[in-house]
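Throughout, read-outs are computed from the coordinates displayed, never taken from laboratory work. These numbers were taken from a predicted model, which means no experiment stands behind them. We place every Cβ from the backbone using ideal geometry, glycine too, and count neighbours over all the protein chains shown.
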Amino acid sequence: MGLLTHPYVLYALLALLGVGIALALPRKGRGYQTLGVLLAATVGGLVMVWLGVRATAGRAPLPNLYFYIFSLIALGGALRVITHARPVYAALYFVMTILASAGLFLILSAEFMAFALIIVYAGAILITYLFVIMLATQSPSESDTDVLMAYDTQAREPLAATVAGFVLLGVLSSLILRGTGELAPPPVNPPGQDALADMPRKVENALRQARLMTEGERLADEAQLGDVAIDGRKGLIHVQGVDGKVRTIERKDWPGDLQVKNVELLGFNLLRDHPGSIEIAGVILLMAMLGAVVLSRKQVQMDEDAKARHAERLAAPGRNS
Amino acid sequence: MAGLVEMVSVCFGGVALAQTGYPAEMHRLTLDHYMVVSAVMFAIGLIGFLTRRNLIIMFLCTELMFQASGIALVALGRYHLDFTGQTFVIFVLTVAAAEAAMALALVVLLFRRRESLDAEEWSELNG
């Protein structure tokens, strides 16, 4: 087991993955592409198995099956994005990658990010890409591969680029394997339930709906009580009747939905801990919008070459008839 | 091989989508899985950026690299039980959207000038 989980096995697998990707890149000859994709897919699967065996040897709980499914779909889609000769298909494979990474985010219990990813990436950015691909394609593509542009079917320096990419990947993965070992262990007592104290209205509504608080009652006055009214960590909520008498509701009596959701914690992190960042994001988006408008308003003068080529192409069907 | 069998049996154990509060902590070796996936995706994006000659696909490959960094950020945030990683991914998304808008406007401009999406058409720019 010790030999099997040695990092050099991973590096050898990654080198093989590089060979597969180099073969899969489009070239003039064509013919090795299918082989390359198959090789890359197989080796990608083996890398996952290696990680799993290593985790089992380290007595770690494995990520569940969905992790393996989603990450293989994501990496396979990414591979097809860079190897597919047709831009529209490449964009669609990118959508597949995005959907699979949204699945990974769901497993990491980042629900908000998963759906934001689908909406922003697959819904907005990719549609823009598809529009531009359709706007900026010269000939209507037929099922025949001959109409594909030469710049789509021939990769530029496939070997050198793959070597560069995988040298980077080797460095990255060796640093990751070493670096995660030195990470601080996760906090034992995460401050999640503390956030309940910042949501008195939610607590009050939940208690009223569960009939734990009657009409006249409200959350205890903190100045009078000398303590916080909602203590998420200890699991105590103090309520106060009309007569001023304080009553405590313990966690075992709380309604089931009275918990801090991940989305709420993300909201607190975004808006309370990093309030200025939203403004910066807004400014970036505004500037991008202005820039895009200014850029695309500009009338372009074609140079002589392009004009001649354009005229030739427009004249071509006429000559044939 | 016993390891493999154990691995498969654990994998089919089902998925717990903890929606409320902080989920259970994640093991360091599980974090490795996500980081390696993210590194491989980043490398694929880099190779695509270097080899493809279509301007639009080159920008698509940069989006792939953004996506890889997003996975790493969310996984690390999940490991530390901290939501700042996710907050940062929101900014990665913002920058990606801004980049897409600007880059595609530029690509359309370049296409109108040369009637081609080939990056080599502009190789005289490298001086």
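For helix A:65-83, what angle does its Cα long axis make with the longest principal axis of chain A, in degrees from 0 to 90 and rounded to 10? The angle comes out near 30 degrees. Calculate for the protein assembly as shown the 222 nm mean residue ellipticity that helices alone would give, adding -39,500 (n - 2.57) per DSSP H run of length 4 or more and normalising by residue count, nearest 500 deg cm²/dmol. Value at 222 nm, helices only: -20500 deg cm²/dmol. Taking other Cβ atoms within 10 Å as a rough exposure proxy, A:180, A:97, A:56 sort from fewest to most as A:180, A:56, A:97. Its relative contact order, with pairs defined as Cα atoms under 8 Å and 6+ residues apart, puts segment B:27-116 at 27 percent.
Ordered by the count of other Cβ atoms within 10 Å of each Cβ, fewest first, B:37, A:294 give A:294, B:37. Within chain A, the longest run free of GluC sites (Glu not before Pro) that sit in a DSSP loop with at most 11 other Cβ atoms within 10 Å is A:1-141. Ranking of A:289, B:102 by neighbouring Cβ atoms within 10 Å, starting from the fewest: A:289, B:102. For chain A, the longest principal axis of the Cα atoms and the long axis of helix A:87-107 meet at an angle of about 20 degrees.
The C-alpha atoms of chain A define a longest principal axis, and helix A:7-24 lies at about 50 degrees to it.
The overall shape of the protein assembly as shown is oblate: from the C-alpha gyration tensor, with semi-axes ordered a ≥ b ≥ c, the ratio a/c is 1.5 or greater and a/b is no larger than b/c. Taking amide H as placed 1.01 Å from N in the peptide plane, residue A:221 has no amide H partner under 5 Å among residues 5 or more places away or on another chain. Pairs of Lys residues in the protein assembly as shown, spaced 8 or more positions apart or belonging to different chains, with C-alpha separations under 29 angstrom: 10 in total.
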